[in-house]
Amino acid sequence: MTDMLEFPALKDALGKLDEKNKKLHGIFGEAGPEMDMAKVKSLDGDSAAKVEAIRALNKEIDEAGEKVDELKGVARAAARSKEWEAAQEKGAEAGSTKGGHAEAKALKDFGDLFVKSLAFKGRQGQNGPEARLDMELKALFDTTAAGTPETVRGPRIVDYVT
């Protein structure tokens, strides 16, 4: 599975997002289930000012979340790059054959190679890492050699069948 690489900018962004979420959670905890803004002591002003402060904080949380998503994308790309580098050093994934060394290893079918690949094991929803399956392919059916004959249609129309 592709683990995300953590780096200082991502840790800082996650920390800021967590702080803002805790602050917003605390505000709603003070307001209670009836959302009474008069009970909120951590914000100054009347109810309208407190609601505006909550909106501003929510907007900051959205922006921080977008920043975290961008940095997570960078971290996933860096992790994929490291996986690719490791696969290049090994030559290929475990169980696959490299170039002309097919006779040295036991032959496995495509399904087995795919199920054991990083692409299948590291799949997360629709996204997953890329994997190389080095294997030989051969044609099992060729239409140019033994295909169906061409259908020839003439310009004549049959009015009725006799």
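Considering each of Gly73, Gly65 in turn, give the residue that is at pLDDT 70 or above, in contact with a helix residue (DSSP H, G or I) (Cβ under 9 Å, 6 or more places away or on another chain) and either open to solvent by 90 Å² or more (accessible area, probe 1.4 Å) or on the phi < 0 side of the Ramachandran plot (or both).
Within the list Gly73, Gly65, the selection yields Gly65.
Report, by residue number, each residue of segment 26-49 that is outside any helix (DSSP H, G or I) and either open to solvent by less than 80 Å² (accessible area, probe 1.4 Å) or on the phi > 0 side of the Ramachandran plot (or both).
Within segment 26-49, Gly32, Met35, Asp36, Val40, Ser42, Leu43, Gly45 qualify.
Quick check: is even one residue across segment 117-129 closer than 22 Å to Arg76 by Cβ, aliphatic (A, V, I, L, M) and either modelled with pLDDT under 75 or touching a Cys at 6+ places or on another chain (Cβ under 6 Å) (or both)?
no
Sort out which residues of segment 130-162 are of a type in the set (A, V, I, L, M), under 30 Å from Trp84 (Cβ atoms) and modelled with pLDDT of 65 or more, and write them in order of number.
Across segment 130-162, the qualifying residues are Ala131, Leu133, Met135, Leu137.
Could you say whether any residue in segment 8-25 is assigned to a loop (DSSP other than H, G, I, E, B), at pLDDT below 90 and not β-branched (Val, Ile, Thr)?
Looking for residues that are assigned to a loop (DSSP other than H, G, I, E, B), at pLDDT below 90 and not β-branched (Val, Ile, Thr), one finds none in segment 8-25, hence no.
The values are calculated or read from the model by the stated rules, or taken from the named source; none is laboratory data. Remember, it's a predicted structure, so these values are computed and weren't measured experimentally. With ideal geometry, Cβ positions are generated from the backbone for all residues, glycine too; neighbour counts draw on all protein chains shown. To get the accessible areas, we keep the full protein, side chains included, count just its heavy atoms, and leave off ligands, DNA and RNA. Shrake-Rupley method; radii C 1.70, N 1.55, O 1.52, S 1.80 Å.
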